[in-house]
Structures are given as C-alpha cells and as structure tokens.
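Novice: Can you read through this structure? Questions will come right after.
The values are calculated or read from the model by the stated rules, or taken from the named source; none is laboratory data. Since we're looking at a predicted model, the values are computed, not measured. Quick reminder, even Gly has a Cβ in these numbers, built from the backbone with ideal geometry, and neighbours come from all protein chains shown. Heads up: the accessible areas ignore ligands, DNA and RNA and are worked out on the full protein's heavy atoms, side chains in. Shrake-Rupley method; radii C 1.70, N 1.55, O 1.52, S 1.80 Å.
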Amino acid sequence: MMNKIRVQFCTECREETQYRIRSISYVKQIRDKEYVFEVAEAICCKCGNPVNFAGLMDRNAREIDRQYRMQEGLVSIEDVNNLMELYKLGKAPLSLALGFGEITITRYLAGQVPSKEYSDVMRRALESPAFMVERLHDNREKIGETAYKKAMQAAKELEPMFALSEKMLLTISYIFKRAGEVTPLALQKILYFVQGIYMVLYNKELFCEECEAWAHGPVYREVYEVFKSFKYNPIDDTRFSMFQN
C-alpha cells in the first residue's frame with residue numbers, strides 16, 4: 001500500500017526526487033530456516049528504483065525482529081520489561097530469580113533474541129504468578145532477601161486476577177487498550193453494558209461472573225477486588241500486559 005509522498009536524494013537520478021513507501025516481502029534465512037517478513041521499501045517516483053533514507057534500515061531491522069519473535073513464539077523486549085515491572089525486580093535479580101545467568105536479562109533488553117527454552121520460562125512467569133513463586137523459592141539465596149520479599153509480594157497481588165474467568169480478563173484487557181484512562185467505577189459500568197449488549201446479540205453471556213447491584217451501580221465483585229486499590233483514580237495496571245499478547 002502506497003503512503004504519502006516525501007523527498008529524498010536519488011543516487012540513480014542524481015537529484016532530490018519524490019519517493020513513496022511501500023510494503024514488500026523480504027525472505028531471510030535464519031538458522032537453516034526460511035522466513036518471510038513484511039518490510040518497508042522507499043521507491044523513487046521518477047525512476048522507480050529504491051532509495052534509502054536515515055532510519056529506514058533500523059526501522060526494518062526492528063520490524064524483522066518483531067515479526068521473527070511472533071513467528072517463533074518468543075517474548076518481546078516489551079514482555080521482558082513487563083516482567084521486571086510486574087514482579088518489582090531489576091535486571092540482575094530477575095535473571096537470577098528465573099534461573100538464568102546474572103546478565104541474561106540485560107542482554108535481552110539490549111536486543112539479543114532469547115532461546116525458545118528461556119523464552120518459555122519468561123512466558124510462564126508472565127502468565128502464572130504461581131510459577132514465578134516457585135522460581136523465587138528455588139533461587140531465594142541468589143537474589144537476596146529484599147528483592148525476594150518485593151517479588152513475592154508482587155506475585156501475591158496478582159493472585160486475585162486469577163479468580164476472574166479468561167473471558168473477563170480478555171474483555172478488561174481490551175477495554176484498557178481501547179479506552180485509555182478508565183476508573184474502577186467506569187470499568188464496572190462498561191462491563192455491565194458489554195455483557196448486556198452481548199446477551200441481546202447472541203442470547204448468551206460473554207463472561208460467567210455474576211453482576212451485583214451496589215449503591216453506585218452494577219458491580220462485578222471479583223473485578224472490584226482486583227482494582228479496589230485504585231479507588232476513584234484511573235487504572236494504571238501493568239498486570240494486564242500478560243493478557244495482551
């Protein structure tokens with residue numbers, strides 16, 4: 001798909017010309033396996049030859065990395081950052097808590113692609129606080145008492161989320177992604193209307209949680225327990241990053 005017209009020096013035309021960005025398929029072999037990636041290409045509007053501009057190669061390199069990780073089911077750099085935030089651990093303590101070498105997470109944040117084995121460990125830690133608790137117990141002496149206690153507390157705070165059904169979790173995650181700032185009260189009302197509209201359209205419930213009538217309107221008690229600490233403030237909850245992949 002062609003984009004807006006820009007100007008860049010074309011080595012073929014020997015002058016500044018207009019160019020367009022288009023998406024092309026790029027085939028690359030990685031570890032004896034062939035992959036097809038969608039990347040950007042700049043085309044001179046005058047001669048039709050490719051042109052280069054600052055940042056294009058870096059942009060494509062990042063896009064290839066993103067698509068490669070998706071195709072192989074590997075965690076992203078954002079996932080690694082989310083792990084650190086979820087469990088309140090720095091790079092070295094997180095590495096050791098997961099059973100990796102001390103600088104492993106540092107390398108991953110710098111762009112190194114993790115192995116499938118290590119990626120699966122990080123994925124499980126993102127998806128299961130219980131798994132992270134096991135890792136913390138196993139590696140308690142390596143990470144130090146202060147880091148251990150902070151991470152254990154963070155893991156315990158994740159537990160109420162797992163009283164929610166998968167459909168409820170995914171619905172809340174979608175609301176966060178699309179609505180931006182949402183208070184706990186607004187979230188309850190949105191969920192109430194989502195459930196009602198879904199029942200009208202499909203004659204069945206979207207999620208199984210029971211809605212209760214409280215003083216300020218409809219409330220899903222399990223959802224209230226998860227977000228009650230935010231009170232009347234907008235919800236800023238990194239925990240839901242684990243359901244957005």
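Novice: Would you work out the relative contact order for the chain, in percent, from Cα pairs under 8 angstrom that are 6 or more residues apart? Show your work: numbers first, answer last.
Specialist: Working: 302 pairs, mean separation 32.0, N = 245.
Over the chain, the number comes to 13 percent.
Novice: Let me ask something additional. Give me the angle, in degrees from 0 to 90, between the Cα long axis of helix 116-127 and the longest principal axis of the Cα atoms of the chain, rounded to the nearest 10.
Specialist: Long axis of 116-127 versus the principal axis of the chain: about 40 degrees.
Novice: Given the options Tyr232, Val36, Phe131, identify the residue whose Cα lies farthest towards the positive end of the charge dipole of the chain (+1 on Cβ of Lys, Arg; -1 on Cβ of Asp, Glu).
Specialist: Checking the options against the dipole of the chain, the answer is Val36.
Novice: Rounded to a whole number, what % of the accessible area of region 25-104 do carbon and sulfur atoms account for, probe 1.4 Å?
Specialist: Values: 2190 of 4380 Å².
About 50 percent, which is the carbon plus sulfur part of the accessible surface.
Novice: Moving on to the next point. GNM on the chain, C-alpha springs below 10 Å: top fluctuator among Gly73, Gly180, Gly111?
Specialist: Between Gly73, Gly180, Gly111, it is Gly180 that shows the largest mean-square fluctuation.
Novice: State the Kirkwood hydrodynamic radius of region 13-147 in Å, one decimal place, computed from all pairs of distinct Cα atoms. It would help to have the intermediate numbers written out before the result.
Specialist: Details: mean 1/r = 0.0574 Å⁻¹.
Evaluated on region 13-147, it is 17.4 Å.
Novice: Next question. Calculate the length of the line joining the C-alpha centroid of region 39-81 to that of region 124-191, in whole Å.
Specialist: 32 Å
Novice: Determine the calculated [θ] at 222 nm for the chain from helices alone, applying -39500 (n - 2.57) to every DSSP H run no shorter than 4 residues and normalising by the residue count; nearest 500 deg cm²/dmol. The partial results should precede the final answer.
Specialist: Working: 11 runs with 121 residues, N = 245.
Mean residue ellipticity, 222 nm, calculated: -15000 deg cm²/dmol.
Novice: When only the heavy atoms of the protein chains count and the probe is 1.4 Å, how do Asp58, Asp65 rank by accessible area, highest first? Could you put the intermediate results ahead of the total?
Specialist: Details: Asp58 95, Asp65 45 Å².
From most exposed to least exposed: Asp58, Asp65.
Novice: Can you tell me the order of 181-189, 81-89 when each peptide is scored by its average per-residue count of other Cβ atoms within 10 angstrom, highest first?
Specialist: Numbers: 181-189: 17.1, 81-89: 19.8.
Ranked from most to least packed, the peptides come out as 81-89, 181-189.
Novice: Of Ile105, Leu206, Pro93, which is farthest along the charge dipole of the chain in the positive direction, counting Lys and Arg as +1 and Asp and Glu as -1 at C-beta?
Specialist: Ile105
Novice: Given N residues in region 174-232, what is Rg(Cα) / (2.2 N^0.38 Å)? Each step should come with its number before you reach the end.
Specialist: Values: Rg = 11.7 Å, N = 59, 2.2 N^0.38 = 10.4 Å.
My calculation over the Cα atoms of region 174-232 gives 1.13.
Novice: So for Arg140, Arg178, what's the accessible-area order with a 1.4 Å probe, most first?
Specialist: Numbers: Arg140 95, Arg178 165 Å².
Solvent-accessible surface, decreasing: Arg178, Arg140.
Novice: Let me ask something else about it. Using bins 5 angstrom wide from zero, how does P(r) for region 88-245 break down, in % of all Cα pairs?
Specialist: For region 88-245, the pair-distance distribution reads 1, 8, 16, 18, 16, 13, 11, 8, 6, 3, 1, 0.
Novice: So which trypsin sites (Lys or Arg not before Pro) in region 9-63 are both in a DSSP loop and have at most 15 other Cβ atoms within 10 Å of their Cβ? Don't skip to the end; give the middle numbers.
Specialist: Values: sites: Arg14, Arg20, Arg22, Lys28, Arg31, Lys33, Lys46, Arg59, Arg62; in loops: Arg14, Arg31, Lys46.
Qualifying residues, ordered by number: Arg14, Arg31, Lys46.
Novice: Right, here's the next one. Which percent of the accessible heavy-atom area of region 137-245 goes to carbon and sulfur, probe 1.4 angstrom?
Specialist: Working: 3770 of 7030 Å².
Here carbon and sulfur together make up 54 percent of the probe-accessible area.
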